[in-house]
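Colleague: Just passing along the structure, written as structure tokens.
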Amino acid sequence: MPVNTENIRRWIEQSDIDYITQYIKAWIPFNAWYNAEYNNLDSDRAKINAIKNRSNSIRNKVNTLLEGNGQESQEFKSVLAALHSELLNNQIDSQIGRIWFNDIVKNQNPENLIDNESIRTIQYFLRRTDGNRLGDVQQMLVVLRDRNGVEFFNYNHTEYNLTHLQADADFLGLTPAQQENVRLCFNRLQPVVITNAIEVHLETQPYNHYPCDAFNFKRDATDAHCPAHIVCKGLIEILYQLRNVLFHGELVPSEQNQNVYKNAYFCLKHLLPSIR
């Protein structure tokens, strides 16, 4: 009986691994673990944040693999580099923005107050009042006083918005130098601090980076307990956002996206033994 070439083609296609499905299978035990580990928290977002910011099996495993030089560490670093490469070349967007290591690490800016800082006899008072979610701002207050403490500028708004401030009529009435000082102070109070998980300024005393094939990931030598915490935060957030675009139906299936999920799957597989 002659072999049907169409059958051959179809079976070849069937032999390809669907890494999106494999990623979902790897996510299920991870999901079950963090639900049990952080059962006092009431949302996936809160639990993911806890994994990123507290000592736990997953965070510790990432740190161990990046700090190590054995075979498993080298394999993990290679798939981490491959994931970064695929995300550079294939843009995938989630509800919080592009999914990639360049700006995925976002933290609340701890600086929220400039308390009557004196610049050329003018006192600058700025205060940011944050909401409950990262990046939410309930109030931005900017007050300027002269050398006698007399207030001559007061800006009060319900969000952090430099464009809105610069369009304010009273702001436009300030001198150019005062406007520039307000702008500089305002920028210091940005609600969210973004950290690139990729290190471009390499140092070796101490090492501030993890060489991973063609890329260098950031290493925080000042953190003795978890120097890899920046990469850990970035990786966990990326894995979570890749899960979200899948479950929310936002991902367009493609060969390129399969390559992203292939490396995300292998990254997650390296971490799963730590939660057995």
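Colleague: Rounded to the nearest 500, what is the 222 nm mean residue ellipticity of the chain from helices alone, with -39500 (n - 2.57) per DSSP H run of 4+ residues and division by all residues?
Modeller: -14500 deg cm²/dmol
Colleague: Additional query: Quick one: order 160, 23 from most to least accessible surface, probe 1.4 Å.
Modeller: Working: 160 50, 23 0 Å².
Result, largest first: 160, 23.
Colleague: Antiparallel as a % of all DSSP beta bridges within segment 100-144, to the nearest 5?
Modeller: Antiparallel bridges make up about 100 percent of those DSSP assigns within segment 100-144.
Colleague: Further question on the same structure: Report the Cα-based extents of the chain along its three principal axes, largest first, to the nearest Å.
Modeller: 98, 44, 40
Colleague: Can you compute the equivalent ellipsoid semi-axes for segment 141-199, i.e. the square root of 5 times each eigenvalue of the Cα gyration tensor, sorted largest first and rounded to whole Å?
Modeller: Values: eigenvalues 135, 33, 25 Å².
So the equivalent ellipsoid measures 26, 13, 11 Å along its semi-axes.
Colleague: Ordering 225, 84, 157 by how much accessible area each has at a 1.4 Å probe, largest first, what is the list?
Modeller: Sorted descending by solvent-accessible area, the residues read 225, 157, 84.
Colleague: Placing +1 at every Lys and Arg Cβ and -1 at every Asp and Glu Cβ, with all other atoms neutral, what dipole size does the chain have around its Cα centre, in debye to the nearest 20?
Modeller: Working: 27 positive and 32 negative charges, 103 e Å.
With Lys and Arg at +1 and Asp and Glu at -1, about 500 debye.
Colleague: Any idea of residue 28's accessible area? Nearest 10 Å², probe 1.4 Å.
Modeller: Counting only protein heavy atoms, residue 28 exposes about 100 Å² to solvent.
Colleague: Follow-up. Taking the chain as a Gaussian network, where each spring joins two C-alpha atoms under 10 Å apart, which residue of 62, 105, 200 fluctuates the most?
Modeller: 200
Colleague: Contour minus end-to-end for residue 42 and residue 184, with contour as 0.36 nm per residue of separation and end-to-end as the Cα-Cα distance?
Modeller: On the way: separation 142, 0.36 × 142 = 51.12 nm, distance 3.84 nm.
Using 0.36 nm per residue and subtracting the Cα-Cα distance, I get 47.3 nm.
Colleague: Taking a probe of 1.4 Å, how large is the accessible area per residue of the chain, in Å²?
Modeller: I get 55 Å² per residue for the chain.
Colleague: With every protein chain present, what accessible area does residue 180 have (1.4 Å probe, heavy atoms only), rounded to the nearest 10 Å²?
Modeller: Number for this one is 80 Å².
Colleague: Estimate the FRET efficiency between residue 71 and residue 276 by the formula 1/(1 + (r/R0)^6), using the beta-carbon distance for r and 30 Å for R0, to the nearest 0.05.
Modeller: That pair, residue 71 with residue 276, gives E of 0.95.
Colleague: Using a simple charge model, +1 on the beta-carbon of Lys and Arg, -1 on the beta-carbon of Asp and Glu, nothing else, what dipole does segment 56-212 show about its Cα centre, in debye to the nearest 20?
Modeller: For segment 56-212, the charge dipole is close to 160 debye.
Colleague: Mind listing which trypsin sites (Lys or Arg not before Pro) in segment 49-102 are in a DSSP loop and have 13 or fewer other Cβ atoms within 10 Å?
Modeller: Values: sites: 52, 54, 59, 61, 77, 98; in loops: 54.
Qualifying residues, ordered by number: 54.
Colleague: Shifting gears a bit: Taking the Cβ of residue 34 as the centre, find all other residues whose Cβ is under 12 Å away and add up their charges (Lys, Arg: +1; Asp, Glu: -1).
Modeller: The answer is +4.
Colleague: Which value in nm describes the separation of the simple spin-label points at residue 202 and residue 17, placed 7 Å from the Cα toward the beta carbon?
Modeller: The answer from the label model is 3.0 nm.
Colleague: What percentage of the solvent-accessible surface of segment 1-129, computed with a 1.4 Å probe over protein heavy atoms, is contributed by carbon and sulfur atoms? Before the final figure, lay out the partial values.
Modeller: Working: 3460 of 7350 Å².
Answer for segment 1-129 is 47 percent, counting heavy atoms of protein chains only.
The values are calculated or read from the model by the stated rules, or taken from the named source; none is laboratory data. Here the structure is a predicted model, which is why all the values come from computation and not from measurement. Virtual Cβ from ideal backbone geometry, glycine too; neighbours counted across all protein chains shown. Side chains included, ligands, DNA and RNA excluded: accessible areas come from the protein's heavy atoms. Shrake-Rupley method; radii C 1.70, N 1.55, O 1.52, S 1.80 Å.
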